[in-house]
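Okay, so here's the structure we're looking at.
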Amino acid sequence: MKAARLMVALVAAFVVPLAAGQDYPGNKPIRLIVPFPAGGGTDIFARVIGNKLTETLKWVIVIDNKPGAGGNIGMDAVAKSPPDGYTLGLGQTSNLAINPTLYKKLPYDPLKDLVPVVLVADAPLVLVVSSDSPFKSLAEIVAAAKKKPGDVTFGSPGNGTVAHLTGELLQTAAGIKFQHIPYKGSAQALTDLMGGQVQIYMSSIPTAMSHIKGGKLRPIAVTSAKRVPTLPNVPTVAESGYKGFDANTWFGIVAPAGTPPAIVARINAEVNKVLKSTDVTEKFAAEGGGGLGGTSQEFAALLKTDYVKWGKVVKDSGAKLD
């Protein structure tokens, strides 16, 4: 009799979570927190995914923009939400892998307080110069920096951003030193770049693309391992003499720690389906990004790897924020 009761208990333990995953989300809306303002890359990826889930599954996805503190405010809101699958977040490299080392005190621990659900996209950066710059290649920039260390001015959208730290990686790889000029975002930085106040700039592709197409900026190299379809004639940093160089910003859906595995698996499966659709692929490509997908475990492994990788870059660069 005891054996029979034990068997029933074991079966129930597996059936209940499975049922939770199958019934999820019912008629209840899912809040997807975006830790940056509307209109940026993270917001665009979130809305593409959210709209497609609504279109194909009739899920009600509510995008909730919570910007501030380099994405920390939004990610903290996710971490402190009930772990029921109805509050998710779209995190990225900066607020999940970089900020834990960059900020002296972070209100959440990405490795303990959040569950990686599924990778959504990645997007490389592009090193650009003004169209009237004398620099035509990465080799010329490196040569100038070696001739006069600290003389070449390198702009970024801010201390500790992926763009800044990718520039630090490039300097390490090439054995050179730029004069880093951090800005508060990309708008003024690009204005100064085109005006000649700063010589080179590391940018997200969507941010720079209109200026590249308009002939105001010249792309020098992209930071991904392979060339980018939207900039097919622009070489990679690796092709330009720095084998193995690969630095992307990735974006992924996370949930509060303790979210039932069956619900995590359901969201993962549905987002993976969405990422295979042609219209989503095209929209991501238009933003200079590529769809990823994969398992929750693969996302967790990438997060742990990049947590260490970018943590070292932050420490080596000396960047710190309160």
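The values are calculated or read from the model by the stated rules, or taken from the named source; none is laboratory data. Keep in mind that this is a model prediction, so the values were computed, not measured. Here the Cβ positions follow ideal geometry from the backbone for every residue, glycine too, while neighbour counts run over all protein chains shown.
Condition check ((1) surrounded by fewer than 21 Cβ atoms within 10 Å (Cβ to Cβ); (2) aromatic (Phe, Trp, Tyr); (3) closer than 14 Å to Phe45 by Cβ) across all residues:
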| position | (1), (2), (3) |
| --- | --- |
| Glu282 | yes, no, yes |
| Phe299 | no, yes, no |
| Lys309 | yes, no, no |
| Gly318 | yes, no, no |
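Of the helices (runs of 4 or more DSSP H) entirely within the stretch 126-221, those holding at least 1 residues that are under 27 Å from Gly71 (Cα atoms) occupy 162-174, 187-195, 205-213. The requirement of being assigned by TED's automatic domain parsing to the domain that holds Pro110, part of a strand (DSSP E or B) and in contact (Cβ under 8 Å) with a residue 40 or more places away in the chain is fulfilled nowhere in the stretch 257-278; no residue meets it.
Confirm whether Ala123 is surrounded by 15 or more Cβ atoms within 10 Å (Cβ to Cβ), closer than 30 Å to Lys80 by Cβ and small (Gly, Ala, Ser). Break it down into steps so the answer makes sense when it comes.
Working: surrounded by 15 or more Cβ atoms within 10 Å (Cβ to Cβ): yes; closer than 30 Å to Lys80 by Cβ: yes; small (Gly, Ala, Ser): yes.
Against the criterion (surrounded by 15 or more Cβ atoms within 10 Å (Cβ to Cβ), closer than 30 Å to Lys80 by Cβ and small (Gly, Ala, Ser)), Ala123 qualifies.
Restricting attention to the stretch 174-181, does a residue exist that is within 20 Å of the chain's Cα centre (by Cα), under 20 Å from Lys315 (Cα atoms) and of a type outside the set (S, T, N, Q)? It would help to see each step written out before you state the result.
Start the filter on the stretch 174-181 by keeping residues that are within 20 Å of the chain's Cα centre (by Cα), which leaves none.
No: the stretch 174-181 contains no residue that is within 20 Å of the chain's Cα centre (by Cα), under 20 Å from Lys315 (Cα atoms) and of a type outside the set (S, T, N, Q).
Would you mind stating whether Gly252 is outside the structural domain of Ala173 (by TED's automatic domain parsing) and touching a residue at least 24 places away in the same chain (Cβ under 8 Å)? Answer is yes for this residue. Looking across the stretch 127-160, just one residue is more than 15 Å from Val198 (Cβ to Cβ) and surrounded by 23 or more Cβ atoms within 10 Å (Cβ to Cβ), and that is Gly160. Taking the criterion of being at pLDDT 95 or above, touching a helix residue (DSSP H, G or I) at 6+ places or on another chain (Cβ under 8 Å) and not charged (D, E, K, R), the residues of the stretch 151-170 that qualify are Val152, Phe154, Gly155. Filtered by the rule that a residue be surrounded by fewer than 21 Cβ atoms within 10 Å (Cβ to Cβ) and β-branched (Val, Ile, Thr), the stretch 235-263 gives a lone residue, Thr236. Of the residues Gly185, Gly167, Gly155, the single one that is of a type outside the set (A, V, I, L, M) and touching an Asp or Glu at 6+ places or on another chain (Cβ under 9 Å) is Gly155. A residue that is over 18 Å from Pro83 (Cβ atoms), among the hydrophobic types (A, V, I, L, M, F, W, C), in the same structural domain as Pro83 (by TED's automatic domain parsing) and assigned to a helix (DSSP H, G or I) occurs somewhere in the stretch 290-301. Restricting attention to the stretch 187-211, and to residues there that are among the aliphatic types (A, V, I, L, M) and under 15 Å from Phe135 (Cα atoms), which single residue is surrounded by the fewest Cβ atoms within 10 Å (Cβ to Cβ)? Filtering first and then ranking leaves Met194.
Mind telling me which of the residues Leu138, Leu114 ends up being touching a Gly at 6+ places or on another chain (Cβ under 9 Å) and either of a type in the set (Lys, Arg) or within 27 Å of Ala187 (Cβ to Cβ) (or both)?
Residue meeting the stated conditions: Leu138.
Of Ala77, Ala9, Ala13, Ala46, which residue is out of contact with any Asp or Glu (no Cβ under 7 Å at 6 or more places or on another chain), in the same structural domain as Glu287 (by TED's automatic domain parsing), over 28 Å from Thr278 (Cβ atoms) and at pLDDT 90 or above? Of the residues listed, the single one that is out of contact with any Asp or Glu (no Cβ under 7 Å at 6 or more places or on another chain), in the same structural domain as Glu287 (by TED's automatic domain parsing), over 28 Å from Thr278 (Cβ atoms) and at pLDDT 90 or above is Ala77.
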